[in-house]
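*Asks:* Input: one structure, supplied below.
The values are calculated or read from the model by the stated rules, or taken from the named source; none is laboratory data. Quick caveat: nothing in here was measured; it's all calculated off a predicted structure. Here the Cβ positions follow ideal geometry from the backbone for every residue, glycine too, while neighbour counts run over all protein chains shown.
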Amino acid sequence: MIKQIVSDYTIIGSGLAGLYAAYCASKYGSVSLLTKHSLQTSSTFWAQGGIASAIGEEDSPEIHFEDTVRAGKGLCNEDAVRILVNEGPERIRELISEGLSFDREGNNYELGMEGGHTRRRILHLGGNETGKFIVEFLINKIKNSDRIKIFENFLVHKLIIKDNECCGCSAYKWNEGENYFFTSNIVIIASGGAAGIYNESTNPHSSTGDGVTLAYNSGIEIANMEFIQFHPTAFHSKKGNAFLISEAIRGEGAYLINNYGKRFMKDQHESAELAPRDIVSKGIFDVMEKEKTDHVFLSLSHLNKAKIKSRFKNIYDTMLKYNIDITTDLIPVSPAAHYMIGGINTDLNGETILPGVYACGEVAYSGVHGANRLASNSLLECLVFSYRSVEDSKKYLDKKNIIDYSQEKYLVNDEVESIYLNLKNSIQRLMNNNVGIVRSESILNKALELISNVDKSWEYESNEYYSNRLRSLKTVALLVINGAIARKETRGSQIRIDFPDESKVAYNIHQSLKTGIEKKYL
Ligand code: SIN
């Protein structure tokens, strides 16, 4: 039997974009909030740095705009950036007035510094556990709302569209093998990014870009997927655990040093360790190539030990488990896949080309990040564009629900789980090895060949859970690889050794089922 749930809004994802959208939408109607795992499994929950916002006395939205656009290397949608920097402080003040408190230093907020910013403007919470604290704050609000119903362990596998109108989506409660249809005129996809398709990633294992596949399979355009941002400093352990060492640590003065104990970023960029991420990641990559090693080091021993211990408590505690005292010992670090800059193409209100279907947060391409995201702009983007999506989608509230639910039923074949996990691992390794920081046509073609063969022995079953998971991983990986091949230039997070210069005219790369791969010149 397929269970039917009717609500005004169906919201997919429980990171900041999904939680905040649910919170905002509950003012106007009933909300079904779906998440693939638990409410706490999201990249937001793991987010350390904080939220960038021009609230300091020496700052302004205009300066924040300039920093964002500079980092985005000619590809930011400037209208979207203006919305971000101007509406962001408003959203933050609202949350503060509703009880969220950020870390303070005396009477003022303690503002952090991160790469690419020219002002201290990163609000943070619990030292560097910003994401966790915000998620907990919103979960608490949501659980107290009788208009929001939470559905954990639900994988959405299909948007239901009839005559170009959104009717809702089909979902599978994978841990209990139950099929559901969520009826609503408004679906907001806020399911997060795809850095988890890489072997070395700072994201939870669940960040596999499912929302991108969902939209792509419905004919929605996907933009600029090649821009996968690598965080320069993930903890490099021999076992491959890539724990994030926040950029805010470099903001407090930590040095990057090579295997001979020498600082190397000073020679690469005037902002040294605080250059934008693409530059720092490439700087580290070059040192690792030259020194034939798989990591460099972060050094904090010259900084105030008490301050480091309290401001970066969870990094301090986590590293102690690896016998590293970050106040005295060097931390081995290397870049790891961190953030999906591209995604579901939306307008300035978060709406896709399908009326009633919205996307916000990391899954969306709103244009604010261009070719390279400025650190800590992403949580701000979640707030600003979730809010706008909810406000804009009110126009669909009075429409009668179209009940046209699919009779397709899902099932799970537990016998194939371990084979699926092995294949997932093969995809992650091939992405790491062939679609990393530095790319070329021949390596990317190799990636295409490998990905085409990865599932050769898999017997796809229609409407089977693991078959669907594998197809989705493959779709997302192909979108990244094909985008990287089509972008014949070096710009921001895409570095091509065979096309080392920026193209004279900037373009976006759109991919859709209808039109294939298209370059859209700005
Ligand atoms: C960090 O703390 O370095 C991550 C912040 C971000 O990715 O925006």
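Each row is one residue, and each column tells you yes or no for (1) at pLDDT below 95; (2) more than 16 Å from the ligand (Cβ to nearest atom); (3) over 30 Å from Ser452 (Cα atoms); (4) part of a helix (DSSP H, G or I).
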{"position": "Ser378", "(1), (2), (3), (4)": "no, no, yes, yes"}
{"position": "Val390", "(1), (2), (3), (4)": "no, yes, yes, yes"}
{"position": "Val416", "(1), (2), (3), (4)": "no, yes, no, yes"}
{"position": "Ile419", "(1), (2), (3), (4)": "no, yes, no, yes"}
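*Asks:* Right, another one. Looking only at the stretch 334-349, count every residue that is of a type in the set (Ser, Thr, Tyr) and either within 12 Å of the ligand (Cβ to nearest atom) or touching a residue at least 60 places away in the same chain (Cβ under 8 Å) (or both) and tell me the total.
*Replies:* Going through the stretch 334-349 one residue at a time, the tally reaches 2.
*Asks:* Here's another thing I want to ask about it. Failed condition for Val357, given (1) β-branched (Val, Ile, Thr); (2) in contact (Cβ under 8 Å) with a residue 12 or more places away in the chain; (3) within 30 Å of Ile245 (Cβ to Cβ), with all others met?
*Replies:* Result: Val357 fails condition (3) only.
*Asks:* Please verify whether the stretch 283-296 includes one or more residues that are more than 19 Å from Asn323 (Cβ to Cβ), modelled with pLDDT of 95 or more and within 15 Å of the ligand (Cβ to nearest atom).
*Replies:* yes
*Asks:* Right, next: Let me spell it out: the conditions are (1) closer than 15 Å to Ile222 by Cα; (2) basic (Lys, Arg); (3) buried (at least 18 other Cβ atoms within 10 Å of the Cβ), and Arg496 meets all of them except one. Which number is the exception?
*Replies:* Every condition holds for Arg496 apart from (1).
*Asks:* Next question, about the same structure. From the list Arg277, Arg263, pick out the single residue that is more than 23 Å from the chain's Cα centre (by Cα) and either surrounded by fewer than 23 Cβ atoms within 10 Å (Cβ to Cβ) or under 30 Å from Thr352 (Cβ atoms) (or both).
*Replies:* Checking each option against the conditions leaves just Arg263.
*Asks:* Within the stretch 54-93, which residues are under 20 Å from Ser366 (Cβ atoms) and either at pLDDT below 95 or loosely packed, with under 15 Cβ neighbours inside 10 Å (or both)?
*Replies:* Hits for the stretch 54-93 are Glu62, Glu66, Glu78, Asp79, Glu90.
*Asks:* How about the stretch 28-53: which of its residues are more than 16 Å from the ligand (Cβ to nearest atom), over 16 Å from the mean Cα position of the chain (by Cα) and either at pLDDT below 85 or over 13 Å from Ile150 (Cβ atoms) (or both)?
*Replies:* Residues satisfying the conditions are Tyr28, Gly29.
*Asks:* With the requirement that a residue be polar (S, T, N, Q) and in contact with a helix residue (DSSP H, G or I) (Cβ under 6 Å, 6 or more places away or on another chain), what does the stretch 194-228 give you?
*Replies:* Asn199, Ser201, Asn203, Ser207, Thr208, Thr213
*Asks:* Now for a different question. From the set of residues in the stretch 499-519 that are free of Cβ contacts under 8 Å to residues at least 24 places away in the same chain and touching a strand residue (DSSP E or B) at 6+ places or on another chain (Cβ under 7 Å), which is surrounded by the most Cβ atoms within 10 Å (Cβ to Cβ)?
*Replies:* Per the criteria, the residue is Tyr507.
*Asks:* A further question follows. Suppose we filter Ser246, Ser301, Ser271, Ser310 for residues that are on the phi < 0 side of the Ramachandran plot and buried (at least 21 other Cβ atoms within 10 Å of the Cβ); which single one remains?
*Replies:* Ser246
*Asks:* Scan (1) farther than 23 Å from Cys360 by Cβ; (2) in contact with a helix residue (DSSP H, G or I) (Cβ under 9 Å, 6 or more places away or on another chain); (3) surrounded by 13 or more Cβ atoms within 10 Å (Cβ to Cβ) for the single condition Asp414 breaks and write down its number.
*Replies:* Against the list (1) farther than 23 Å from Cys360 by Cβ; (2) in contact with a helix residue (DSSP H, G or I) (Cβ under 9 Å, 6 or more places away or on another chain); (3) surrounded by 13 or more Cβ atoms within 10 Å (Cβ to Cβ), Asp414 comes up short only on (3).
*Asks:* Can I ask one more? Only residues that are assigned to a helix (DSSP H, G or I) and either over 28 Å from Gly126 (Cα atoms) or touching a Pro at 6+ places or on another chain (Cβ under 6 Å) (or both): list them for the stretch 203-248, please.
*Replies:* Hits for the stretch 203-248 are Asp210, Gly211, Val212, Thr213, Leu214, Ala215, Tyr216, Asn217.
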